[in-house]
Amino acid sequence: MGMLKRLEVDFSYDIVEEFLSHYSLMCDLMEPLIVNLSREDKFKNNIDELFRIFHNIKSAAGYMHIDPVLKLTTLAEDVCEEARSLQGPANDSFIDWLLLVSDQFAKYKNDIEGDAEYFSVLNPNIIDIPSQLD
């Protein structure tokens, strides 16, 4: 039994579909927000929006007991929380790191939708959080 079928056993079909719909939408919103962190005029709004997205995914993944997604969103939310205190714009290493995180979320989304048995392996470069964010 794959992970999608397990979710459908543990939760109602409507809850699973709503989670997948919102998770997919949030994954689609990430990349343009991340890329525009390089613009000083967009930094504050975009980092706040990314923080909100990560917070919402974290809450939903926690409720659904989807541990790999929960762990990744916790990390991303913590880093974005730190970045919220900065003036911006974000430097290239921070943007590249967030793009890796975004790609990992997309892999996890495909794993769930494809009813994979296991989640894709975490990109090891995600562990290398940039020391300087702006």
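The values are calculated or read from the model by the stated rules, or taken from the named source; none is laboratory data. A quick note: this is a predicted structure, and the numbers were derived from the prediction, not measured. Note that we place each Cβ from the backbone using ideal geometry, even for glycine, and neighbour counts take in every protein chain shown. Side chains are part of the model used for accessible areas, which takes the heavy atoms of the whole protein and leaves out ligands, DNA and RNA. Shrake-Rupley method; radii C 1.70, N 1.55, O 1.52, S 1.80 Å.
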| 19 Å Cα-Cα reach of Lys58 towards lysines, excluding residues that sit fewer than 8 places from it in its own chain | Lys71, Lys107, Lys109
| note | Ordering 68-76, 119-127 by per-residue average of other C-beta atoms within 10 angstrom, highest first, gives 68-76, 119-127
| Quick one: ranking Tyr63, Tyr23 by accessible area, 1.4 Å probe, largest first, what do you get? | Tyr63, Tyr23
| Based only on the alpha carbon positions, what is the Kirkwood hydrodynamic radius of the chain, in angstrom? | 15.2 Å
| query | Which angle between 0 and 90 degrees, to the nearest 10, do you get for helix 40-64 versus the longest principal axis of the chain when only C-alpha atoms count? | reply | 20 degrees
| query | Counting other Cβ atoms within 10 Å of each Cβ, which trypsin sites (Lys or Arg not before Pro) in the range 1-54 have at most 11 and sit in a DSSP loop? | reply | none
